[in-house]
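To start, the structure itself, in structure tokens.
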Amino acid sequence: MKKYLWAAAVVVAVCTTAAAPAVAAPDRAAVRTASAPSSQTASHPAASARPAAVPLLSAAAKAPSPARVVASGERVDAGHGWTVWLTEEGKYWSGPDGYENFRSVVDGNVDLSRPGVSHQSEGDPVRVFHSGLYYGTKKVGKVVLTGTDGRKTSATLLELPGRPGWGVWYAHTGPEGRGGAAVALYDRNGRLLADLPGWNA
């Protein structure tokens, strides 16, 4: 009887000892499986950062145009009773009296191959409406009027879709002294492209 008990105890001890490695092995496998993804993510930190940097560089390299794009024939309220609109033929504008004016860009009087600017003005003793064409550039930056008193006024810019190489500018100022305002056209880097002195300057 004692022999059988001793043999049974040996069998139980052997089974317990043999079972231990089988339980430990899956634990080690589970640890390896769980650690694998975090190891891959940590080994490529730059991969997730690079795509976000690409659009930022593209946006910085491509400065937006300051000109408002309008449809052909679209009437723009220029303020104080003035209206401006563009077609493929040129610039149109009308004042508080409703009378319409036109400045062509296709009649041969405007050389679109090189930068230039034109100037028309109408007003009264209280306010003057200035407008004109700018042309010969697809990278317009600004049009600036300099009054007879030295005051500078930045104009509003309008263009047709597709960057046709010309557009319209307009601005309001107070009454001008003898000689009228000078007008200057600049590109987006602030470089002077063309200018017109005051009429009697």
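The values are calculated or read from the model by the stated rules, or taken from the named source; none is laboratory data. Being a predicted model, the structure only gives us computed values, none of them experimental. When the accessible area is computed, the model is the full protein with side chains, heavy atoms only, and any ligands, DNA or RNA have been set aside. Shrake-Rupley method; radii C 1.70, N 1.55, O 1.52, S 1.80 Å.
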With 24 Å as the cut-off, how large is the P(r) tail for the stretch 91-188, expressed as percent of Cα-Cα pairs? 22
Can you send over the solvent-accessible area of V143, 1.4 Å probe, protein chains only, in Å² to the nearest 10? 0
Share of the stretch 83-201's accessible area from carbon and sulfur, percent, 1.4 Å? 46
So if each residue of separation counts as 0.36 nm, and I subtract the Cα-Cα distance between D111 and D124, what length gain in nm does that give? 1.5 nm
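What's the long-distance tail for the stretch 115-156, i.e. % of Cα pairs beyond 17 Å?
37
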What span do the alpha-carbon atoms of the stretch 86-144 cover on each of the three principal axes, reported in whole Å from largest to smallest? 37, 24, 16
